[in-house]
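> One structure, pasted below without further comment.
The values are calculated or read from the model by the stated rules, or taken from the named source; none is laboratory data. Since the structure is predicted, the reported quantities are computational estimates derived from the model, not experimental observations. Accessible surface is based on the protein model in full, side chains and every heavy atom, while ligands, DNA and RNA are left aside. Shrake-Rupley method; radii C 1.70, N 1.55, O 1.52, S 1.80 Å.
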Amino acid sequence: MITQVSAPTPTKDPLTTQDREIIATIINQSDYSKECKPEDVVTIWINSDDIVWVKTGV
């Protein structure tokens with residue numbers, strides 16, 4: 001029996017460079033204690049209470 005293994009299909013990143021720049025700017029204008037660069041933004045999500053959460057690599 002021969003089996004074929006395929007590599008996972010890369011997914012398209014839903015955040016654009018401009019999205020990351022905007023998010024980093026907002027974070028830096030808040031009272032968050034660390035400097036956030038656009039490349040630090042990993043993902044965002046919004047919960048059912050309309051609260052925006054940002055995951056960063058900082």
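> Output the number of residues of the range 37-58 satisfying the condition of being in a loop (DSSP other than H, G, I, E, B) and farther than 10 Å from R20 by Cα.
Summing the residues that are in a loop (DSSP other than H, G, I, E, B) and farther than 10 Å from R20 by Cα in the range 37-58 gives 7.
> Taking the condition of being of a type in the set (D, E) and open to solvent by 100 Å² or more (accessible area, probe 1.4 Å), how many residues in the range 11-58 meet it?
Final tally of qualifying residues: 5.
> So, one more: Just to be sure before I move on: is Q4 open to solvent by 100 Å² or more (accessible area, probe 1.4 Å) and at pLDDT below 90 in the structure I sent?
yes
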